[in-house]
Each structure stands twice: as structure tokens, then as C-alpha cells.
1. Would you mind estimating how fast the stretch 55-116 diffuses translationally, via Stokes-Einstein at 20 °C and 1.002 mPa s with the Kirkwood radius over Cα pairs, in µm²/s?
2. Based on the inverse mean of 1/r over its pairs of different Cα atoms, what is the Kirkwood hydrodynamic radius of the stretch 1-97, in Å?
3. Provide the percentage of antiparallel DSSP beta bridges, counting only those with both residues in the stretch 59-292; round to the nearest 5.
4. Checking the cross-link filter: which aspartates and glutamates have an alpha carbon closer than 14 Å to that of residue 90, excluding same-chain neighbours under 8 positions apart?
5. Which ³J(HN,Hα) values, rounded to whole Hz and listed in residue order, are derived for the stretch 87-98 from phi using the Karplus coefficients 6.51, -1.76 and 1.60 in 6.51 cos²θ - 1.76 cosθ + 1.60 with θ = phi - 60°, glycine and proline given as x?
6. Full extension from residue 144 to residue 166: what is 0.36 nm times the residue separation minus their Cα-Cα distance, to one decimal in nm?
7. Alpha carbons only, please: Rg and Dmax for the chain, in angstrom.
8. Suppose each label sits 7 Å from its Cα in the direction of the beta carbon; what would the residue 361-residue 267 distance come out to in nanometres?
Amino acid sequence: MYDKFQKHLTSQINDIKAAGTYKNERVLVSPQYSQIKVNTGKEVLNFCANNYLGLANNKQLVDAAIKCLQERAYGMASVRFICGTSDLHKELEAKIAKFFGTEDTILYAACFDANGGVFEPLLTDEDAIISDALNHASIIDGVRLCKAKRFRYANADMADLEKQLQEAQSCRFRLIVTDGVFSMDGNVAPMDKILELANKYDAMVMVDESHSAGVVGKTGRGVTELHNCRGKVEIITGTLGKAFGGAIGGFTTGKKEIIEMLRQRSRPYLFSNSIPPMVAAAGIKMFEMMDQTNELQDKLHANTDYFIGKMKEAGFDIKPTQSAICAVMLYDAALAGKFADKLLEEGIYVIGFSYPVVPQNQARIRVQLSAAHEKEHLDKAIAAFTKIGKELGVLK
Ligand SMILES: *Cc1c(COP(=O)(O)O)cnc(C)c1O
């Protein structure tokens, strides 16, 4: 059998390569930070990590993890409800609820699991899920696992959302679900308007804060802070794998009855291990730091404003953003690929995105800013962009 299957796979893999969408891993041999070393020995400035607050190698978090590793050892070797729950898991869950102004939290091994396990326990075929067209793959997969009727609205398009809500009026319960920040454009979900429509058409709201938590809003409390609606959405999901230290872990936080039901019925929670104690301990430390100061958010916001301002001044076409994601629009796929390769030669690590990751003729380079960037890093990146932009005829 395997002979035939092997040929089948090889032919599919060749198709992926021919389509230019084959993924290669770039291998780092240094910690994740603003300056990284890749396995060719080259040192580059990193503008493509989700390390928005620079916490991926923060000393206080590393120390908290080491101390916990020594005191509590390595793993839990059980799912949560049998004997896999530590006091550190409970403490971290409480910290997350406090951070978002919610009632209770449930941890998962990743946000992919949080989204995979949130819909099916709560909704049935009598209900409706109304989902933004650009939502993350894990939301799409979670919705697939649930029998609720599916409605889709164009990205952040409130007229379309209203139309879908009208069509879903005969369902028993309605849940609108959206990413907080959309990762290809950096735009933020219009939570204030979504909540207005939810009110008008009697729906609940879920937001995935994976790219917005720690980043968006003056103190980094996410899109509900930016749009002044803290505590008003029923469900928030998020990750510990991006701004919050970048290790591993996900969570669902929100109304206490929802979280209680997830602890009874959510399959990735019931049938899978949770995060190791050392990751929980570092997470607790991280939320304590967030409680004390907004220093990192302030620096990230200043870095983002500076970079975007200078790039626009240089003449680049930048998508409007309210996050730490900055899309430098080049439109042409071959140009975006070439531009990114030339930037790497200049010591700037960024990624070019083209179809099918973004729509046809919308190719771009995505830059992710971080509080770990210093002004000289930003200046070096802006200078490299300007040099290559002139070389490739993007700038006059
Ligand atoms: C990154 C991301 C996830 C997945 O998070 P993990 O914890 O890495 O599984 C889920 N949703 C969104 C919107 C994301 O950006």
C-alpha cells in the first residue's frame, strides 16, 4: 500500500512546490529576540516574531521558570481533572481573569485548543455562529466541530454582519466571533459596533485576543480596552505564545457559567495535558509585571508610531493599523518575495506574503514591531527598506 501512497504524497508535495507555497523553516540558534542568529551563522534584526513585548527571553520570567522547575520539577503527567491541576494553574487562571476584567478562566495547552474546544460544548444545531471571514484557522476548525448553523460576514464589515444576524434570527442562541487583530492587515475588530449589533439582534460575542492581548489599548488589555467595552463580551480566548512570553499555552476567559461548562465538556481540556508548572509560574510573574507598569506597552506603541511615521514619510504604502502589525503594501507577489530576500541580505528579517495567504494582487511585507526594538534597530530597518525600495523601483 505505502508505495502507492508515497507516490501520491510526492506528487502533491511537488504541486505545492510548483505553486510557490512550500514552507521552509528558518532555524534560529539563539534565543528569540530583536537580534537573532540563524543556523548559517548570520545575525539579523528580527521583525517577524509575535514577541511584541520582548518577553520571550525576559530575565524575570526565565528566573521564575527556573525556580519553579527546581521546586515543582518538570511535568504533571495527568489531565487537569484527574490529578493534573496545580495551585499554579489556578493562580494563573485568576490572574488572566483579573487582567481582562472577566469572571473566570480555563487554561489550555494552546489557543488552538481553546478555540477548538469552545463551540461544541456550548451550542447545538438549534444555534448560530456568525464568524468574520478572516478569522484564525483554529476558530474555523472549532466551528467545524460544532453543529451550530454557520454564517460568515466579510472582514469587519458591519453591514454584512447585520445582514447575517437578521438571517440568524430564527435560531435559539447567536454567537458572533471575531479575531481582535487580523494578522495580515493589523486592523482591529470594531468591537464597539459589533456589541451594538449584538445588542440590537440579541447575540453573544466572542473575541480571540491572540494578537491583541498585551499589545492593543493603552495598557495592553486588548481590543475591549481600546473600544471601551471591558467585561462586556461573553467569551475571550487568547494565547500565552505571543506577547505574553511566547512559550506555550492558551485560555478561554469570560462568563463564569460558560467557563464552568467548558470544564465539564470541552474535549481539549478533558483529554489533553495542560501547561507545565514552570510555564504557569512564569505566566503568573508576567501578569504581576503587567499589573505594576505599562512601560513595555508604552515603548511598543512609541516604536510602532515611529516606524510607521518614518515609513510613510519615505513614501511607502502602509495599511492602516491599530496594532503592532504593519503591512507594507507591494501588491506584486514576485516583488514582495524579492524585496524580503534583499532585506535579509541587509540584515533585516521580515516575511513577504502573497496569494493564497492574502488576496490576489495584495502582496505585502509584514513587519511586526516589538518593545525589544531599540531606536537604532528601527532606523536600520527603515534605511534598508528605503534603499531596497529605490533599487526595486517601489520608491522614486
Ligand atoms: C496565534 C493564534 C492562535 C493560536 O495560538 P497558539 O497558542 O499558538 O495555539 C489562535 N488564534 C489567533 C487569532 C492567533 O493569532
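1. D = 159 µm²/s.
2. After inverting the mean inverse Cα-Cα distance, the result is 18.4 Å.
3. Here the share of antiparallel DSSP bridges comes out near 40 percent.
4. Within the straight-line limit of under 14 Å, residue 90 reaches these aspartates and glutamates: 103, 104, 260.
5. Calculated HN-Hα couplings, in order: 4, 5, 4, 5, 5, 5, 4, 5, 5, 5, 4, 5 Hz.
6. 5.7 nm
7. Cα radius of gyration and Dmax of the chain are 21.7, 65 Å respectively.
8. For the pair residue 361/residue 267, the computed spacing is 4.2 nm.
Bear in mind that the values in this text are calculations on the coordinates, not laboratory data. From a predicted model like this one, the values you see are computed outputs, not experimental measurements. Note: ideal-geometry Cβ built from the backbone for every residue, glycine included; neighbour counts use all protein chains shown.
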